[in-house]
Amino acid sequence: MLSQKIITKILKEKYGINAKELNTHIATAEKQKKTLEQYVLDENIADEVELYSEAAIKLKIPFVALKGREIKKEILNIIPAPLAQTHQMVVFATTKEEMQLAMLDPTDIQTIEFIQRKTNLTPKVYITTPSDIKDALRRYHADLGDDMSIEQLKEGPSVGASDLKKAAEELPVVNIVNNILEHAVFENASDIHIEPQEKEVTIRYRIDGILKNVMTLPKTIQGGIIARIKILSKLKIDEHMLPQDGRFKIKIQEDKLSFRVSIIPVYDGEKIVMRLLHEGQKPLNLDQLGFLPVPKKKVERAIKSPHGMILVTGPTGSGKTTTLYSVLGLLNRPGVNICTIEDPIEYHVQGINQSQINVRAGFTFASGLRSFLRQDPDIIMVGEIRDKETAEIAIHSAMTGHLVLSTLHTNDAPTTVPRLIDMDIPPFLIAFTANIIIAQRLVRKMCEFCKKELVLEKDAITELQKISDTKKLLELFKEHNIELKKQEINFDSFTFYRGEGCRRCNNSGYKGRIGIYEVLEIDSTLTNKINEGANADDIKKYAIEKGMITMLQDGLIKAKQGVTTIEEVLRATRE
C-alpha cells in the first residue's frame, strides 16, 4: 500500500541501504512479482512497525497500533466488512462528529471522501501495519454466537439421508460452516472439533493446546454440516460407518489455509476433527521457537555437520514438525538438494522436494526413504521413525554422507537411545550417527497485557526444591542475565509471574505458545558410553554434568523471565 518512493526513502535513511543494494532488492521483488513493500517485510529487511511508523512521519499522519486495542462491534460495523476488506481500513473509535480511521493507504482521498459522505462523520485518518489491519478485520467474524443462519435452522426438521447433498448446499448450512472456519482462524485455533451429542452438536476449538467449548448447534442441522464438510473434502457423503480422511483449502482475507479432515463414526453420529494449516507460512527461527542461547548454539553446530542425524522427540502435538521445518529453513539453500517424506505434508516450503506417504499404494516412510537415496539428496527429512526398517535406512543414510532429520516419540532426550535400541538398532550405529537429540514440549505464553508478579513463599519454595536443584537453578538464572534479589539468593522468596486474565486473552492469562527444550549433544565421550551399553540414566547424568539444561530447567528459566508460568511448565513436563 505504501509507494515505492516512500519505501526507498525509508530504507536509505533509516536502514542505511545504499543505491546498489536497493536496486538489487527492487529487481528481486519484481522477479518474485511482489511490491517492494511486501518483499521488504517478507525478507525481514525492515521491521513492520518501524517501517510504518517512519512512513507516518514522512506522510505527516499519526501512527496507531491496533493489536490489543478493544474495538466495539457497533463501531467496527460503521464500515461494512466487504468495504473494509477491499480498502484495508477499519474504524476503531468515534465521537459525535468524528471517526478514527486506520488505513494502510492514507493517501486514498477518494475512499476517505466516500466514507465521509456515507457515514456523515469526519474521518481522522491514521496509518497502521498490515498485520494490525488483518487482526482488526478478523473481528468482523469474532462472535460466532450471533450467526443468523443458526437461528434460521433451529426450528427446522432433521435432515434425512436422501437429502444430505441438498442440505449441504443450502445457504444457511454453507454460512454456518464458513463462519465456524473463519472464527477458528480469527481465534488462532489449531484444531476444530465438531462433536455430535444426543440432543445437540458441540463445537470446540483447540487454542494454545487447550480445548475450549465455542458453541452448541441444534441436532437438526448435524447431517447438513457433516455433509457440507464431506463435500468440501471430496469424501463419500453416504458413508457413515467407516472413518474417512480428506483435505480442502480455503482463502480467508489474504490467508491461504489448508484443513486436514478426519471423520470417525461415534455413538451419536460422526465426529469431525479439522487441523488448520497455514499454507506458505514461513518457518520460525530458533529464537522465535524459544531456544535459549546455549541450546541454540548446540543446534546450530549440529546442522553445520555434512552428515549424521538430528532427532527431535516428544509426544504428539509438541511442535516437533515445526522445529524440523525451522531447521530445514536454515539449511534450505540453492546449493543443496533437500528431500522430505511426511505424513502429511503440513507446510509447503519452496525449494524443498516434499513427498507424502500413501500406505495404500505401498509408499511408506521406509520405501520412500529407500527411493530418496536414488535422488542424489544432501539432506533428508523423515516425518517420523515408527519402525525398525525406517530406523535402519535412516541411520544407514546418515552413515553414507547424508544429513538426516527425523522425529521419535520419547519422553526426554536420553531415553531416545534406548528407544532406538528397542527397535533392534545396534548401539554402535546410534552412537556414531546421532549428532544431536532435541526433546521438547509446548507451553502457553503469558499474556503481556495482564502479567503480574507472583511471589513464592517458603512452602512453595520447598515444593520447588523437591523437583529441581534450586542452587543449580540460581546459577542458570545468573547465566541468562536474570537479576536476583537478596531474598531469592537466600531462598526466602522467589518472584515469578502469572497472567490475571483480560479481554485480550479471553480471561485465560495466556496468549500463544513457545517451546521448552532439552538438547543432548552427542560428543566423543558420550559416543563411547552409548557404544558400551550406557542406559538412559547414565546418559542423562553425563549430559547434565556436561551442562545440558533439562526441559524442566529450561521451562523454569522462561517462567522466571516472565515468558510463561510455573503451572504451565509443570503441566507440560509432568504429562
Rounded to the nearest 500 deg cm²/dmol, what is the calculated helix-only ellipticity per residue at 222 nm for the chain, with -39500 (n - 2.57) per DSSP H run of length n ≥ 4? -11500 deg cm²/dmol
Under a point spin-label approximation (7 Å from Cα along Cα-to-Cβ), what is the residue 480-residue 57 distance to one decimal in nm? 3.5 nm
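What length, rounded to one decimal in nm, is gained on full extension from residue 122 through to residue 165, with 0.36 nm per residue of separation minus their alpha-carbon distance?
Full-extension gain reported as 10.6 nm.
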With a ≥ b ≥ c from the Cα gyration tensor eigenvalues, square-rooted, and the rule rounded for a/c under 1.5, otherwise prolate when a/b > b/c and oblate otherwise, the stretch 531-575 is oblate
Answer in debye to the nearest 20: the dipole magnitude of the chain about its Cα centre, from +1 Lys/Arg and -1 Asp/Glu charges placed on Cβ, is 860 debye
How high is the relative contact order of the stretch 170-278? Use alpha-carbon pairs under 8 Å, at least six apart in sequence, and give a whole percent. 24 percent
Give the residue from 364, 266, 246 lying farthest towards the positive end of the charge dipole for the chain; charges sit on Cβ (+1 for Lys and Arg, -1 for Asp and Glu) and the dipole is referred to the Cα centre. 246
Roughly how many whole Å is it from the C-alpha centroid of the stretch 3-53 to that of the stretch 212-252? 44 Å
The stretch 4-59: Kirkwood hydrodynamic radius (Cα pairs, Å) comes out at 11.2 Å
Directionally averaged shadow of the chain, computed from the convex hull of its alpha-carbon atoms, nm²: 31.7 nm²
Using only the heavy atoms of the protein chains and a 1.4 Å probe, how would 396, 193 rank by accessible area, largest first? 396, 193
For residue 202, the accessible surface traced by a 1.4 Å probe with all protein chains present amounts, in square angstrom to the nearest 10, to 10 Å²
Would you mind calculating the relative contact order of the chain from Cα pairs under 8 angstrom and at least 6 residues apart, reporting the percent as a whole number? 9 percent
Put +1 on the Cβ of each Lys and Arg and -1 on the Cβ of each Asp and Glu in the stretch 170-278; which of 278, 213, 224 then has its Cα farthest toward the positive end of the dipole? 278
Using a 4.7 Å cut-off between beta carbons, which cysteines in the chain end up with no partner cysteine at all? 339
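To the nearest 20 Debye, how big is the dipole of the stretch 73-139 about its Cα centre, given +1 on the beta carbon of each Lys and Arg and -1 on that of each Asp and Glu? Kindly include the intermediate steps, with their values, before the conclusion.
Working: 8 positive and 8 negative charges, 45 e Å.
The dipole magnitude comes to about 220 debye.
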In the chain the DSSP beta bridges are antiparallel at a rate, in percent to nearest 5, of 65 percent
Approximate spin-label separation residue 48-residue 85, in nm, with each point projected 7 Å along Cα-to-Cβ: 1.9 nm
Find how much the distance from residue 285 to residue 503 grows on full extension, using 0.36 nm per residue of separation minus their present alpha carbon separation; answer in nm with one decimal. 75.5 nm
Got a sec to turn the phi values of the stretch 324-339 into Karplus ³J(HN,Hα) couplings, 6.51 cos²θ - 1.76 cosθ + 1.60 with θ = phi - 60°, whole Hz, x for Gly and Pro? 4, 5, 5, 5, 4, x, 6, 8, 6, 10, x, x, 10, 9, 10, 10
Charge-dipole axis of the stretch 73-139 as Lys and Arg at +1 and Asp and Glu at -1 on Cβ define it, positive-most pick from 99, 137, 109: 137
Quick check: pseudo-label points 7 Å beyond the Cα along Cα→Cβ at residue 77 and residue 250, how many nm apart are they? 2.1 nm
Difference of contour (0.36 nm per residue) and Cα-Cα distance, residue 31 to residue 360: 114.4 nm
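Which order do the peptides 175-185, 360-370 come out in when sorted by mean C-beta neighbours inside 10 angstrom, highest first?
The peptides rank, most packed first, as 175-185, 360-370.
The values are calculated or read from the model by the stated rules, or taken from the named source; none is laboratory data. Because the structure is a prediction, the values reported are computed rather than measured. Glycine also receives a Cβ, built like all others from the backbone with ideal geometry; neighbour counts cover every protein chain displayed. In case anyone asks, the SASA skips ligands and DNA or RNA and just uses the protein heavy atoms, side chains included. Shrake-Rupley method; radii C 1.70, N 1.55, O 1.52, S 1.80 Å.
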